[in-house]
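The values are calculated or read from the model by the stated rules, or taken from the named source; none is laboratory data. Since we're looking at a predicted model, the values are computed, not measured. So basically every Cβ, Gly included, is an ideal-geometry build from the backbone, and we count neighbours across all protein chains shown.
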Amino acid sequence: MRVAIYPGSFDPVTNGHLSIIHRGLELFDRVVVAIATNPKKVPLFSVEERVQLIRQAVGNDPRVEVDHFQGLLVDYAHQRGVKVVMRGLRAVSDFEYEFMMANMNRKLAPNIETVFMMTGEGSFYISSQNIREAASLGGNVEGMVPPGVLLKLRERFEPKNG
């Protein structure tokens, strides 16, 4: 069985992420969406909320597993017995960062390969950070995130009366 890990913060998951997941399923039998937790960062959504939002967005597709990890990605991949990491690229700046990370991972774990997938042209400008910022300022991010995420963002940033 061909399995790939698709790591990220997914805070929140966007339609760009979903595009990579669905396209990854064309190449791999299973995709493990691995939420990286960083104790130094304060996320908008808890790990549990992100797991739920991703599961909801992929329609509980049995080929997609949603998990989370802390620490080195290569250690997580070894623990899972997975030899492929799938990463999405939006722009040249992503490539530079991802290229450095892939080479660092290769140095740490030569048996793990990184596969890059270009984000679809309709999603190249979308990032979780941009979504959080726009939503927090009252921007309409409909069409950039799955419906469940849109609802959660509206709940989170809804003006409180009184």
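Things to note:
- Looking only at residues in region 105-134 that are aliphatic (A, V, I, L, M) and more than 18 Å from the chain's Cα centre (by Cα), the one that is nearest to Glu26 (Cα to Cα) is Ile112.
To keep it simple, each residue is scored yes or no on (1) without any contact (Cβ under 8 Å) to a residue 12 or more places away in the chain; (2) more than 23 Å from Ser123 (Cα to Cα); (3) in a loop (DSSP other than H, G, I, E, B).
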residue	(1), (2), (3)
His17	no, no, no
Ile21	no, no, no
Val31	no, no, no
Val42	yes, yes, yes
Phe45	no, no, yes
Gly71	yes, yes, yes
Tyr76	no, yes, no
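- Matching residues, region 121-154, being surrounded by fewer than 16 Cβ atoms within 10 Å (Cβ to Cβ) and over 24 Å from Ser46 (Cβ atoms): Glu121, Gly122, Phe124, Tyr125, Asn140, Gly143
- The single condition among (1) surrounded by 14 or more Cβ atoms within 10 Å (Cβ to Cβ); (2) not in a loop (DSSP other than H, G, I, E, B); (3) not aromatic (Phe, Trp, Tyr) that Asp11 does not satisfy is (2).
- Check on Val64, in contact with a Ser or Thr (Cβ under 8 Å, 6 or more places away or on another chain), under 20 Å from Ala34 (Cα atoms), buried (at least 18 other Cβ atoms within 10 Å of the Cβ) and of a type in the set (Val, Ile, Thr): no
- Filtered residues of region 103-120 (kept if assigned to a helix (DSSP H, G or I) and crowded, with 18+ Cβ neighbours inside 10 Å): Asn105
- Given (1) of a type in the set (A, V, I, L, M); (2) within 18 Å of Leu108 (Cβ to Cβ); (3) not in a strand (DSSP E or B), number of the condition Leu25 does not satisfy: (2)
One line per residue, one yes/no per condition, for (1) in contact with a Phe, Trp or Tyr (Cβ under 6 Å, 6 or more places away or on another chain); (2) polar (S, T, N, Q); (3) on the phi > 0 side of the Ramachandran plot:
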position	(1), (2), (3)
Phe116	no, no, no
Glu121	no, no, no
Ile126	no, no, no
Gln129	no, yes, no
Arg132	no, no, no
Asn140	no, yes, no
Gly143	no, no, yes
Val149	no, no, no
Pro159	no, no, no
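- Residue within region 80-91 that is in a helix (DSSP H, G or I) and surrounded by 14 or more Cβ atoms within 10 Å (Cβ to Cβ) present: yes
- Residues of region 35-56 that turn out to be modelled with pLDDT of 95 or more, among the aliphatic types (A, V, I, L, M) and either out of contact with any helix residue (DSSP H, G or I) (no Cβ under 6 Å at 6 or more places or on another chain) or surrounded by fewer than 18 Cβ atoms within 10 Å (Cβ to Cβ) (or both), as a count: 4
- Cross-chain or 6+ apart pairs with Cβ under 6 Å, region 113-127 first and in contact (Cβ under 8 Å) with a residue 40 or more places away in the chain, then exposed (fewer than 15 other Cβ atoms within 10 Å of the Cβ) and not in a strand (DSSP E or B): none
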